[in-house]
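These notes concern the structure reproduced below.
The values are calculated or read from the model by the stated rules, or taken from the named source; none is laboratory data. For clarity, every value in this text was computed on a predicted model and none was experimentally measured. Because the Cβ atoms are built from the backbone with ideal geometry, glycine has one as well, and the counts that use them run over all protein chains shown. Ligands, DNA and RNA are stripped out before the accessible areas are found, and what is left, the full protein with its side chains, is counted by its heavy atoms. Shrake-Rupley method; radii C 1.70, N 1.55, O 1.52, S 1.80 Å.
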Amino acid sequence: MVVYYLMKYPDYGDMKLSQISGVNASTISAIKRRLKRAGLLRSAVVPAVNRIGFELILASYGSFNPAADRKAKEAYFKRIKEDKNIFYAVEGGNIVFSMSVARNYSEVKKTIDFHTYFLNAHNLVENNDWTFHIFPFEVSRLLNFFYYHHMFAQMFDIEDPVDVDLNYEDCTPYHLTRNEKQALYGLVRFPDMN
């Protein structure tokens, strides 16, 4: 049950979680430590990139040619890991999925062009079978962003009403100071240190 509350209210401290869940704050702290030590719980700080200069999300996915060269696949994975705008990528068998952000359409087009060229030049795909979807933050709704609490509610038989917010994300630009940039980087890079 504590796991559910940790997922649903990730920004809440142990005392606030205690008030909501009815579980002692020291018990919550102990459970969090055990789960982290066991590798079952990770912290992440997810900045509102749509407010600090990124206008687009790019989702791309596809299947590798089964006859593709292993070294070419590894080179592609290396490029994915080196791409500073890719924030989520997963590979399983011959299927690859990634999500990245871009400041503008020109930047996202360069990303698409690179992937298309690399994949085709190394015979990693057949028939240009790779898909790209562009979502502009200003006119896209973020329906579910790694919200695991619904899954845990179902798994643990906890009643969890689903509230759907169909408003667009706030894209009002925020201009970070030099110190804010360093602090935000530190929070994102080392989320467990705060």
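So, in region 83-103, of the ones that are within 15 Å of SER63 (Cα to Cα) and of a type in the set (Val, Ile, Thr), which residue ends up least open to solvent (accessible area, probe 1.4 Å)? Among them, the one singled out is VAL96.
Using the structure shown, decide if MET193 is within 19 Å of the chain's Cα centre (by Cα), open to solvent by 90 Å² or more (accessible area, probe 1.4 Å) and either within 30 Å of PHE77 (Cα to Cα) or of a type in the set (D, E, K, R) (or both). No, not satisfied. Restricting attention to region 122-153, the residues that are surrounded by fewer than 11 Cβ atoms within 10 Å (Cβ to Cβ) and more than 30 Å from ASN94 (Cβ to Cβ) add up to 1.
On the stretch given as region 105-121, residues that are farther than 19 Å from ALA75 by Cβ and either within 19 Å of the chain's Cα centre (by Cα) or open to solvent by less than 60 Å² (accessible area, probe 1.4 Å) (or both) total 2. Give the residues of region 62-82 that are assigned to a helix (DSSP H, G or I) and either open to solvent by 20 Å² or more (accessible area, probe 1.4 Å) or free of Cβ contacts under 8 Å to residues at least 24 places away in the same chain (or both), sorted by residue number. Result: ARG70, LYS71, LYS73, GLU74, ALA75, PHE77, LYS78, ARG79, ILE80, LYS81, GLU82. Taking region 128-172, which residues are assigned to a strand (DSSP E or B) and of a type in the set (A, V, I, L, M, F, W, C)? Of everything in region 128-172, those that are assigned to a strand (DSSP E or B) and of a type in the set (A, V, I, L, M, F, W, C) turn out to be TRP130, PHE132, ILE134, PHE135.
In the condition set (1) outside any strand (DSSP E or B); (2) under 19 Å from PHE54 (Cβ atoms); (3) in contact with a strand residue (DSSP E or B) (Cβ under 7 Å, 6 or more places away or on another chain), LEU119 is compliant with all but (2).
Inspection of region 90-102 finds a residue satisfying the criterion of being without any contact (Cβ under 8 Å) to a residue 12 or more places away in the chain and within 25 Å of MET7 (Cα to Cα).
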